[in-house]
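One structure is given here, and the rest of the page talks about it.
Every number here is computed from the coordinates shown, using simple stated rules; none is lab data. Just so it is clear, the structure is predicted and the values come from calculations on it, not from any experiment. Positions of Cβ are generated from backbone atoms using ideal geometry, with glycine treated the same way; all protein chains shown enter the neighbour counts.
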Amino acid sequence: MRPARSSFDAAIREDPTREAGVFRDVVTGEHVCVQGGHSFVEVSWMDLPENKVGGKARVWDMVTHYHPDRGLIIDRISSGSDFDVISYNQRAGLAPRGSVQSTIVWTDAKSRIRFETQFGYAPVRRDPTGRGTESMTERLGWPVSLNRHRARGCRVSSVGGFQVH
């Protein structure tokens, strides 16, 4: 992870107007850093022949990615595309259905403090009666972002369901 994280930090330093991401091969544990555009991290590299093993695509998880600060609150939270990326393996049948999470890194434009937003996805269990569901995601029928914000390097703990910073 260290070389990929170093590349990630360097990509942000060199061009803070573009997204960047760190992905982990779930089988080998290999980590790679990919620099994207102004509003996306490219994932089509996963399908290139040189990134396949025995002709099969490898299964990658998005560990973290950077959102450039355009001065918009949405730069601090997960997008629909972010949920698509972190839930892809389950939806494609490449991994067992289960909860997944990732982290968004962003820098506050005024303070220049680097923050992280943790977000996640829990698959929806279908309950035809509408009873017996256990989570907000299941009740609403769409993924709910955890969206816990913290300054990088600071601990966040949970007390009674609320986040204490």
Task: Test: residue in region 17-39 that is of a type in the set (Lys, Arg) and closer than 18 Å to Asp69 by Cα - done: yes
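Please determine, by comparing only the residues of region 72-91 that are over 22 Å from Trp60 (Cα atoms) and either of a type in the set (Phe, Trp, Tyr) or in contact with a strand residue (DSSP E or B) (Cβ under 8 Å, 6 or more places away or on another chain) (or both), which one is surrounded by the most Cβ atoms within 10 Å (Cβ to Cβ).
Only one residue tops the list, namely Asp75.
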TODO: Write out, first by first residue and then by second, each pair whose Cβ atoms fall under 8 Å of each other, whose residues are 6+ apart or on separate chains, and whose first residue, in region 12-25, is over 14 Å from Arg114 (Cα atoms) and in contact (Cβ under 8 Å) with a residue 12 or more places away in the chain while the second is assigned to a strand (DSSP E or B) and among the hydroxyl-bearing types (Ser, Thr, Tyr).
DONE: Glu19/Tyr66; Ala20/Tyr66; Gly21/Thr64; Gly21/Tyr66; Val22/Thr64
- [ ] Could you give me the residue pairs with C-beta distances under 7 Å whose first residue belongs to region 62-88 and is under 20 Å from Phe23 (Cβ atoms), whose second residue is in a helix (DSSP H, G or I) and of a type in the set (Asp, Glu) wherever it lies, and which are 6+ apart or on separate chains?
- [x] His67/Asp75; Pro68/Asp75
Task: Filtered residues of region 20-46 (kept if within 21 Å of Gln90 (Cβ to Cβ), hydroxyl-bearing (Ser, Thr, Tyr) and in a loop (DSSP other than H, G, I, E, B)) - done: Thr28
